[in-house]
1. If you take each beta carbon of peptide B:111-120 and count the beta carbons of other chains within 10 angstrom, what is the mean?
2. With a 10 Å Cβ neighbour count serving as the proxy for reagent exposure, in which order, fewest first, do A:Thr299, A:Thr586 appear?
3. State, to one decimal in nm, how far the label point of B:Thr219 lies from the label point of A:Ala295, with both points 7 Å from Cα in the Cβ direction.
4. Rank these for me by crowding, A:Phe751, B:Phe230, B:Phe140, going from fewest to most other beta carbons within 10 Å.
5. What nm value, rounded to one decimal, do you get for the distance between A:Arg161 and A:Ala464 when each label is placed 7 Å out toward the C-beta?
6. Within region B:104-147, which residues have the backbone N less than 15 Å from the label spot 7 Å out from B:Ala247 along Cα→beta-carbon, could you tell me?
7. Step through the table entries A:Lys147/A:Lys354; A:Lys211/A:Lys695; B:Lys139/B:Lys171; A:Lys31/B:Lys203, compare each Cα-Cα distance with 25 Å, and write down the pairs that go over it.
8. Amide H to amide H, which residues 5 or more places from A:Val497 or on other chains are under 5 Å from it, using H placed in the peptide plane?
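What follows is calculated from the coordinates using simple rules that are stated; it is not laboratory data. What you see is a predicted model; the values in this text were computed from it and never measured. Glycine also receives a Cβ, built like all others from the backbone with ideal geometry; neighbour counts cover every protein chain displayed.
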Amino acid sequence: MTFLNPILALTALGCVLAPIAIHLLFRRRTKPLEWGAMRFVLEAFKRQRKRMRLEQILILAARTLAVLLLALAVGRPMFAGDSVLQSRVPRDVVLVVDNSLAAQAVGAGEKSELQANKDAALRVLEGLDAGRGDRAALVTMGAPAEKVATPLTTELAGVRRAIEAVEATDSAADMTGAIASARDLLGRDAARQSAIALLSGLRRGSIDAAKVAEPVAESAMRPELIVSDPADAALDNAAIVSVEPLRSVLLRDASGQETQQARVTIVRHGPGVAAGATANLRLAAISVGESEAPAWATTAVRFAAGQETATVLAPIGFAKVEPGKKATTGALWIEARLDDDAIASDNVFRRAWKSRETVKVVIAAPAGENLGAGPTAYSAADWITLALSPRTGGTSGALEAENEPISVARVDLARLSPADLIGVDSVFVTRPDLLASDGWMSLSEFARKGGLVVVTAPTSAAAAVQMWPEPMTKAFGLTWTVAREVSASGNGAPRSVRAMATDASPLAAVLAGLSAELDELVKPVVVVRWLGTEMGSGMGSGMGSGMGSGSVGEAARLLTLEDGSPWLVAARPDGSSRGLLAVLLTAPELESTSLPAMPLMVPLFQELVRQGVGVASGSANLLAGASVPEPADLRRIATDGGSGSAAMSEFARTASLWRRVDARGATRELVAINADSAGSATDLQTQEQLTPVLKASAQATSVTYLKSTPAGEKPGREALPRTNRTPPMDLPLLIAGLVLLVLDALLSRWFSHASVGSMFGSGAAAKAGASGVRVQADASTTENINRGAAA
Amino acid sequence: MAIGENNPEGDDRAGGRSIDASLYLHPQTLARLATFEMRAKMIVEGLSSGQHRSPYQGFSVEFAQHRPYSPGDDLRHLDWKVFARSDKLHLKQYQQETNLDLIVLVDCSGSMSFGSRTFADASGVGHDTSPDGRTHWSKFDHATALAAALSYITLRQGDRVGLEMFDDQIKLMLKRSSGQETWRQIVSALASHPARGTSAAQKSSDLRRAIDQTLGQVTNRCIIAIVSDFFMDIGAIRDALARARHAKADIMAFQVLDRAELEFDLRDAAGGVIFQGLEGESPLRLDPRSIRSAYLAAIEEHNTQLRTLLRGLGYDHTLVNTHEYLGPTLAAFVSRRNAQIKRHLA
C-alpha cells in the first residue's frame, strides 16, 4: 500500500498524538475545586475507578483510531490492485488508438475497426474527470507510432477532438513504438495512477501473439494496461505484398508493343486460407498524366488449400500506342489490383517504374583505345562496347547508333570530369589503374546520385601490383577492398565461373533477368587471371575466404569462381540506398578470361546495365510507415484511391503516389508508397493468447479488457470494466473515521454521564427531593465554588 | 430579654468587630422566629419551673393521673377522696413544668467552610461579602444562622442556651444562660470564630469526643442541638449518640449541606477538576461527571443511614440546605417537633 499524498499522510498520522496531547494539555489546565464532601468523592472514585479506567481507554482508543483513519483517508492510500478507471486519485491515461492497416478491416455492413477503436477511446475518455485532475494523451499506432495529442493534458475536449480526427493509415502497427511513447508520456509521478489504454481489434496484423514480445526498456514505472476486447468477426483478406517488374528500367519498344511482366507476391489471411481460392490480379502500367483508362492485364492467381502466399509472373498491361506516335516515356508506374475484401488499401499496389528510350553508358578508357583491328586486339572497353551495343561493331569513332536501347560513349579516362557524367546512366571503367583520385571522387559522386559504376580489373598488361583498389575503396566508402596482387591459376588450369543465383541481397536483382539461363551461360567461361578480395567487415567472412554461401552486408557476389571467391561483386556506395558499384575482378579480355568470347558476355553486360541502372537509381517504392528521404521535394499525384495531405511528412503512413521534383519543378522520379502487407493479417486472436504478450511488452501491472459495445448501442460509461479489485479506500476510511468520531462523542457523553446532568430537573431533583432538599438548577456551581475558594 | 421582635440585631463591639446578626438571620426569618415556641420532646429536668412539662409524674401543681398504691409509696400523695369512695388506695400524680436547657453544638470542621451560594443571596441584609471578606455563603455561615435562630427561640421562651463549637474537640464553649446578653454573646462567638468560612483548620470533626466533653459539663438532662454536616463515619456518630442516649439527653440533629454537595451538578467542570478536600484529604483529579452517580449514591446512603440512626434513637433529624432560607425550614421543624410532643404526651 502506498499513499497518494505521503507527506499529508505522515502529517496526519502525527495527529494521532493529538488526543493524548489534548488530554495532557487539558490536564494541565484543570481547575482546582475545594470540596467539602470529599469523603464521598473519594468513595465514589473508589467505586468507579476500574470502570473509569476502562472508559478512558475506550475513549482514547476510539479517538486515536478515528484520527488514524482520517489520516489514512487524507493520505489517500493506493493498493496495488486499484483499477485506474475506478480510482479516485488523479489518473494519467495515454490512449493508444490502432489506426494501422489492420484497423481498416471492415465486415459486411459494419463500421471499420478504426471507428470501433475510436469509440472505445472516447469511452475511456468519458471515464476520466478533468475536475479531479485526470489527464489524457493520444498516441496512434500506425507505424511509426505518432504522439497526436501530447503532453498529458486535462483538456479532455481537445483529446476528444484529436481522437475523432484520427485517420486510418496503411502502415503496419508499431506496437512497440506506441507503448514506448506512452510510457515516455506517463513518466513517473507517484502521486498519480498511470495507465495505457490500448484500443485495437488486436488482429494478428496489429500484434502477433505468436511472436515474442519486444519488451520496452526496463523501467520501474509499471502502468496498468487497459485493452479493448479482441475483434471477434472473422474476415478474409488478401494483400499484394510486392510487385517487381522483370526490368527495373523499361526501355520502350519503339513500336509500343510492350510485353513486360512483373513478379507479384500475394498473401492471404483469415479463415478462408483453409480452402483453395482464386484471386483476380490486374496489372497495368500507367504514365503520369495519362488520361486514358489503364489497360489492365488480368491474371488469375490460384491458391491451394492452406496456401497463404503466392508469387506469380503476371503480364503488365500497357496502353496501346496509336500508329505513328511514339510511346510515352518518362515517369510511370505499375499498378496492381485485387478484388475488394476486408481491407481495401492492401488490394492496390503501385510500383514506380523507370521508362527510357535509351540507357546512356559512358566507357571511361584511355584515349585512343578504340576498337582494334580484330578480336585479339580488342581491349576490355571494346568488348564491353560490343556487348552493350552490338550493332556498333566496326564503326570506329562513332559508337552511338540510333534506335539502340543502350547508347555507348567513350570518354578519356585521364580527363574524366563530372561534366562528362551529366545525363549518363552508367559509367564503365576498364582501366582503374589509370584513374586519378579526382576521377574516383567524380565516380563516387555520380554513384551517390543514383548512377551505375562498373569497374573491371585492369588489363593483364598492367602492373602486377594494383594500386587502384585503395582510392576506390576510399572514394566509395567500401568496407572491403580488392587485393593488390593478381591471382592466377598456378598450373595454367583456368578457373570456371559459378553463378550465385541464390544471393539474397537486393542487389542480386541485377542479374535476376538471367536467372533461368545463368547456370548454363557461366559454364563455358573460364578465368585465367583475377584479383582477389580482402576481407572487410562489409564483406563478412565469405568474401576473403571465398567459402561463404551468400553476400554479407551491402556487398553482393553476383558471380564467383569455382572456389567461391568473388568474381563479380556489387555494392552500394557508403552502404546507402542509391547508386551501385559493380566490380568485375577480371579484365574482360581474352588474355584473362574467355568471357568475351562466350555467350554470357552480351547478356551479362546488357543485364548489368539494364537492371543495374534501375537498381542504382534507388528504390522509389516505399512501404507505408517508412522514412521518406527528402520529403520536401515530393509532390502528390492524384490517384483514384489517393487521400490525405498534399504535403509529404517525414514518414509516409498512407498509400499514395508522389513525384520527386528538381529545382525547376521537373519530375525526377516517382515515389510510390504502398500499404504494408505486414499489417494486413486479419486473423483473430484470443485474450488468453494476447494477455501475456501485452503484459510483457508494456511491462504492465495488469491487463484489463474493456467490454465491447454491442452494435448500434451508444457507448456509455457502463461499458467500462467492473473489476473485482480493491476499491479506493479513502472514502471508506473517511466514513469509518467519522463514524468513530461520532462513536467517541457518544461514548464520551455516556461515560461522562452527561445525560444524567441533562436530566437534572427530573432524576436529580427526585433524588434530592427524597432528601428533603429543593433543587434549583445552577450550571455555574463550580464557578461559584471556585470564586468563593479564591476569595 | 433585650432581643425584641422589633430589634433582632445583636450588635457586639467586643473584639473590635461589629457583629450584625442580620448578616446571618434574614429579618423575615427572625420575624417568624418570634412566633416559635420551642418545646422539648422530653421534658427536661431544669433548675426552675418553666413552660416545659417534666416527663416525671411528680407532685406539682397540675394533676396528671392516679395510680395504685404500692407499699413504700409516700402516703402524703394518697388521694383520700378516692379511698373514701372506692375503698381503694390510689396515689395522685402531677405534671411538673421545668426549664429547658439547650446546648447548641456547632461543627466548625474544615468541611463546614464549603459553600456554593453567594453571600449576597443568603445574607439577611443584602451584604455582598462577609465581614471577613468572603463572597460565598458557607455551611458554617448557615450553621451560625441556625444556631442563632435556635438560641433566639429558646431564649425568648426564657430557657437557657449554651453554645459549643467543635471539630476534633470542643473549640469554644459558652455556658448556658438565659440572660439578656446571651444571644449577643452567642452570635458574637459564632461570627468571630477564627475557623469560620476557611479551610485553614483542615481538621475533621470528632462528634464522639465533642459529645463526651459536652456531657461532662452538664449535670441535668438537656437538649443538644447538633449543627453539622455529619461528614464522619456512621459508626462514630452511633457511638456519640449512644452516649447521649445513655445520658438521657435529647438530640436535635441539623445536617447542614450545600446544594452542590447534594446534587453534585458540576456540568461546567467538564474536562475534569482537581478536587481538594477541606479536611486534609489528598487532591484528586477527575471528571466529576464520571462519578456523579456513584457520589450521589454514596451521599444518599450516608444520609439514609444517619437518618435511620437518629430516628431509631428517637432523635430528630433535619436536613438543612444552605441554598434555602432558614425560616421555612425552622418552621417545619418546630411544628413537626411540637406535633411529636403532643402525640407523645397524648
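1. Working: counts 6, 1, 4, 8, 6, 12, 5, 3, 2, 0.
Rounded to a whole number, the mean comes out at 5.
2. Starting with the residue having the fewest Cβ neighbours, the order is A:Thr299, A:Thr586.
3. 17.1
4. Result, fewest neighbours first: A:Phe751, B:Phe230, B:Phe140.
5. 8.1
6. Answer for region B:104-147: B:104-106.
7. Violating the 25 Å Cα-Cα cut-off are A:Lys147/A:Lys354.
8. So A:Val497 has HN proximity to A:Val525.
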